[in-house]
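Everything below concerns the one structure shown next.
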Amino acid sequence: MPKLCLQIIRREHEALAAMLRSIPLLLAQRRDPQESPDFSALRAMLFYMDEFPEKRHHHKESALLFPKLRARTPLHRDLLDQLDADHSRGELRIRELEHALLAYEVMGEPRRAAFEEKLSKYVDFYLSHMAKEEREILPLAERVLTPEDWAELDEAFAANRDPFAGLEPEAAYSALFSRIVHLVPAPIGLGPAIA
């Protein structure tokens, strides 16, 4: 029987991948240097990335899932260490990206290339990170964790309530969810799962 925790992690990964792929698409819709992108939508999307993946999703993987795996098996310890390091640098990476967006918005076209380069690196990094978790870590968890482990993980991850993962958002985040959905053009929408 599929574990609730794994279902939530995979749905959150799909939502994150869709958001990551949507940001460059939103930029591409406004390629003309005379026409600025929708900075309000971009800020809201990056704020979402900071609020849900960085502060909730990653924290629970590093604080709960990964330690349980380390306690149950010696397999993939180097990968778990690498993923933990990725998580610990995640907030810095999103802050740098938010700063690059602010520089582009305030300073104009001369800062566009720097923002797009930083965004491209962030998207590639993040998609690769999630793919490693999907290919290696989640199948390992299915093999080695106990029913007690799953009960604790299920409860913790069920509390995330990420609206882009199809969960009912906390009241405080309903407005953010609605804002992004209304700001981002319909053709972008939520994209496919992780490659």
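Using alpha carbons only, how many angstrom separate the centre of region 142-157 from the centre of region 1-69?
Computed from Cα coordinates, the inter-centre distance equals 24 Å.
Can you tell me the order of 82-94, 3-15 when each peptide is scored by its average per-residue count of other Cβ atoms within 10 angstrom, highest first? Kindly include the intermediate steps, with their values, before the conclusion.
Details: 82-94: 16.2, 3-15: 20.5.
Peptide ranking by packing, descending: 3-15, 82-94.
By how many nm would the segment from residue 77 to residue 96 lengthen if fully extended, with 0.36 nm per residue of separation less the alpha-carbon distance?
Taking 0.36 nm per residue and subtracting the Cα distance, the gain is 4.0 nm.
Fully extended, how many nm does the chain gain between residue 121 and residue 148 (0.36 nm per residue separation, minus their Cα-Cα distance)?
Taking residue 121 through residue 148 to full extension adds about 5.9 nm, to one decimal.
Taken together, the values in this text are just the output of simple stated rules run on the coordinates, not laboratory data. Values in this document were obtained by computation on a predicted structure and should not be read as measured data. So basically every Cβ, Gly included, is an ideal-geometry build from the backbone, and we count neighbours across all protein chains shown.
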